[in-house]
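Enquirer: The structure follows.
Read-outs throughout are calculated quantities, based only on the coordinates presented, and are distinct from any laboratory measurement. The structure displayed is predicted, hence computed values, not measured ones. Cβ placement follows ideal geometry from the backbone for every residue including glycine, while neighbour counts extend to all protein chains displayed.
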Amino acid sequence: MHKTIGILAHVDAGKTTFSEQLLYHTKTIRQRGRVDHKDSFLDSHSIEKTRGITIFADQGIFSYNNSTYYIIDTPGHVDFSPEMERAIQVMDYAIILISAVDGVEGHTETVWQLLRKHQVPTFFFINKTDYEGTNAASVLEEIRTNLSEDVYDLTNSFNDEFIEFIAERDEDLLEKYMDTGYDQDLWIQTFKCMIQENKIFACSSGSALKDIGIIEFLDKLDMLTETSYSKSGDFAAQVYKIRHDESGNRVTFLKVLSGTLKVRDEVKYEEQSEKITQIRIYSGNKFKTVDQAIAGELVAVTGLTIPSIGDCLGAIADKTTFDMIPTLKSKVIFDTSIHVKEVLRCFKLLDAEDPSLSVYWDEHFQEIHVHVMGVIQLEVLEQIVQERFYFNVSFGEPRILYKETIDSAIRGYGHFEPLKHYAEVHLLIEPNERDSGISFENVCHANDLSIGNQNLVRHHLLERDHHGLLTGSALTDVKITLLTGRGHNEHTSGGDFREATYRALRQGLEKAENVLLEPFYDYKIKVDMDLIGRVLSDIQQAHGTFESPETVGDKVIVKGRVPVATFMNYSTTFASFTHGKGTLSLLFGGYDRCHNAEEVIEKIGYYKEADPEYTSTSIFCAKGKGYKVPWDEAEDAMHCL
């Protein structure tokens, strides 16, 4: 049986030390490493050793009883949470470590919510119980209060408390118990099923550093987990990580979901196929090559160049969406002696490995931009570029990633007809739900525009982010419908429909009520009663909103939304006035109307008339010569009204 187990936690809760203990007890490694000693098996990257934190989600493999375990040690720092979320998609089970010293922290709640989104069955391990003054029972109550009431403490094993806990959640089993008495195997099997169905979450405690409770926890984890992958079905797999080896080969990490994969197999993705040239099984930074991989295994392959992280291959056509989305962007600064194409090439490699970077080349300003979670990530990127590509970069001050949308439905018209070219596009552009992106509908009749050209319009609308008129930020939350269009059998050529489509979109935006959007956090704050006044005042000053505060014991919990721009540095202030005893959870909560739109628009200073990639002006032809028609006159000049 193959089981993929993720280890997740707030930074410094002891994930890596815990993982080392599992590897040591199963004789995978001969000695236990430590992050602070820079000798841990899973934090093998030099940057991880230098910084003493996990940055990359690396895996170790061990065998225990009749199962093969793949454990993935994930980053705990919020700046690297996209890496953590990418690993979550292939986990069969997760273990959340919670420090008995610190209890449930802000990032713990973020981890918990992501696991619930992906429906990953979860265990808890309360770590560092050897520290003086810690109390595992009180941390367990914290878990039940903040995360889920359905947490069972495995410490007392399967006693009367266990029977009561399960019976409260399974009436059929209770009835059987009343009739025939206690059958331990049946009750444990029910417990396993309820864990798998995310109805119950098991918890244990101990000390990873002092090796207390680890092997006992592993025994119970082994007993209470199972997977059922089919080797006989059609091949299907999910891409969860991409790396490049020392030779520059692209290495694609897969979770095989069904069937079998062999070297030299052709793997289909969308309408293309590529041949597998090598299959590797990684443990730490070392790997061995094998001839085939079967369902349930985590493997890495060479030969694939097209699929990206989150894509499914083979029999499953799906793509994972991610919640941990950067809200900041930064300019890459590099020495002019290095050719910009080389810098861009290197950053495109990094972009394949971390799609959240969204590396973008600004043709007009000749600049490279990246999207990031925070300043620590930028510092790490500097080190990565230096170590891998042997040149130095720095980054401009991170700025908020704004977006734009519209408030009213409008029609957009674009015509592109310089001599020997011809394309016309009519679009309906409507506001859509918040955080819905750009969706496309087609009501154009094939008699008006060929199916091929209709598909071109769709492609050009969805091929990239389009600039809004207020700040040049990405357009979002709109539904665009192709109403009609026109081509010419002889004169329409490559690129004509891109020109007409972009102009139609832009012409529509010129007539619309444009709205600037900014990213928001969904926050949850827990503080002592005497600090709630200060917290609510800070939220109001930050242009946030809050629900009615809730009192739990001697603490007060408040939830709400607040702009990232005003709250991104609040954690330092919060830690200071709460003396580290409050809890602040910040989770990206999507985009909404910008609280200071006029100020931002003025500061960015985007001049829509000078955008080299977009114009709302149409081009028509008369007497063998093209002429321009401005956006406010273009509608009347269209050919297929």
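Enquirer: Under a point-charge model restricted to the Cβ atoms of Lys and Arg (+1) and Asp and Glu (-1), what is the dipole moment magnitude of the chain relative to its Cα centre, in debye to the nearest 20?
Expert: It works out to roughly 1920 debye.
Enquirer: Please express the shape of the chain as an equivalent ellipsoid: the semi-axes are the square roots of 5 times the eigenvalues of the C-alpha gyration tensor, given largest first in whole angstrom. List each step's numbers first, then the result.
Expert: Details: eigenvalues 466, 179, 129 Å².
Ellipsoid semi-axes (Å, largest first): 48, 30, 25.
Enquirer: Now for a separate question. Please order 178, 223 by the number of other Cβ within 10 Å, starting at the fewest.
Expert: Lowest count first: 178, 223.
Enquirer: Holding the Cα-Cα limit at 19 Å, pick out from 420/628; 27/286; 331/603; 331/403; 403/559 the pairs that are longer than that.
Expert: 403/559
Enquirer: Could you put 484, 289, 572 in order, starting from the residue whose Cβ has the fewest other Cβ atoms within 10 Å? Each step should come with its number before you reach the end.
Expert: On the way: 484 18, 289 11, 572 7.
Neighbour counts put them in this order, fewest first: 572, 289, 484.
Enquirer: Can you say what percent of the DSSP beta bridges in the chain, counting only those with both residues inside, are antiparallel? Round to 5.
Expert: Details: 99 of 132 bridges.
Among the beta bridges of the chain, antiparallel pairing accounts for roughly 75 percent.
Enquirer: Describe numerically, in nm with one decimal, the distance between label points set 7 Å from Cα along Cα→Cβ at residue 442 and at residue 228.
Expert: 4.1
Enquirer: Using Cα pairs under 8 angstrom and six or more residues apart, how large is the relative contact order of the range 331-401, in percent?
Expert: Computed value for the range 331-401: 40 percent relative contact order.
Enquirer: Out of the GluC sites (Glu not before Pro) in the range 429-479, which ones are loop residues according to DSSP with at most 11 other C-beta atoms within 10 Å? Each step should come with its number before you reach the end.
Expert: Working: sites: 433, 441, 463; in loops: 433, 463.
Passing sites in the range 429-479 are 433, 463.
Enquirer: Per residue of the range 108-120, what does 6.51 cos²θ - 1.76 cosθ + 1.60 with θ = phi - 60° give for ³J(HN,Hα)? Whole Hz please, x for Gly and Pro, Karplus curve as stated.
Expert: So the J values, rounded to whole Hz, are 4, 5, 4, 4, 4, 5, 5, 5, 5, 4, 8, 6, 9.
Enquirer: Sticking with this one: Grab the DSSP H runs of the chain that are 4 residues or longer, score each as -39,500 (n - 2.57), total them, divide by all residues and round the 222 nm result to the nearest 500 deg cm²/dmol. Present the calculation step by step, with values, prior to reporting the outcome.
Expert: Working: 18 runs with 184 residues, N = 641.
So the helix-based figure for the chain works out to -8500 deg cm²/dmol.
Enquirer: Then there's this: Report, to the nearest 10°, how far helix 214-224 tilts away from the longest principal axis of the Cα atoms in the chain, using its own Cα long axis and a range of 0 to 90°.
Expert: The two axes meet at around 70 degrees.
Enquirer: Hey, what did the range 236-314 get for relative contact order, percent, Cα under 8 Å, at least 6 apart?
Expert: Working: 186 pairs, mean separation 31.3, N = 79.
Reported relative contact order: 40 percent.
Enquirer: Hey, if you drop one equal point scatterer on each alpha-carbon of the range 517-596 and run the Debye formula without solvent, what base-10 log of I(q)/I(0) do you get at q = 0.11, 0.22, 0.26 Å⁻¹?
Expert: Result of the Debye calculation: -0.26, -0.99, -1.33.
Enquirer: Taking the Cα atoms of the range 394-519, report the difference between the largest and smallest coordinate on each principal axis, in whole Å and largest first.
Expert: Sorted largest first, the three principal extents are 50, 35, 22 Å.
Enquirer: Can you pull the Rg over Rh of the range 270-355, Cα-only, Kirkwood?
Expert: On the way: Rg = 17.1 Å, Rh = 16.4 Å.
We get a ratio of 1.04 for the range 270-355.
Enquirer: Shifting gears a bit: Based solely on C-alpha atoms, express the radius of gyration and the Dmax of the range 2-224 in angstrom.
Expert: According to the Cα coordinates of the range 2-224, Rg and Dmax are 17.3, 62 Å.
Enquirer: Helix 375-389 versus the longest principal axis of the chain: what is the Cα-based angle in degrees, 0 to 90, to the nearest 10?
Expert: 80
Enquirer: Then there is this: Please list the non-local residues whose amide H lies under 5 Å from the amide H of residue 484, H modeled 1.01 Å from N, same-chain partners needing a gap of 5 or more.
Expert: 426
Enquirer: Could you tell me how many degrees, from 0 to 90 and to the nearest 10, lie between the Cα long axis of helix 451-462 and the main elongation axis, the longest principal axis, of the Cα atoms of the chain?
Expert: The angle comes out at about 60 degrees.
Enquirer: Related question: In what sequence do 244, 460, 10 fall when counting other Cβ within 10 Å, fewest first?
Expert: Ordered by Cβ neighbours within 10 Å, fewest first: 244, 460, 10.
Enquirer: Here's a follow-up. Using amide H atoms built in the peptide plane, which far-off residues or other-chain residues are under 5 Å from residue 471 H to H?
Expert: none
Enquirer: Shifting gears a bit: If you project the alpha carbons of the range 331-401 onto their three principal axes, what span does each projection cover, largest first, in Å?
Expert: 30, 29, 22 Å, listed from the longest principal axis down.
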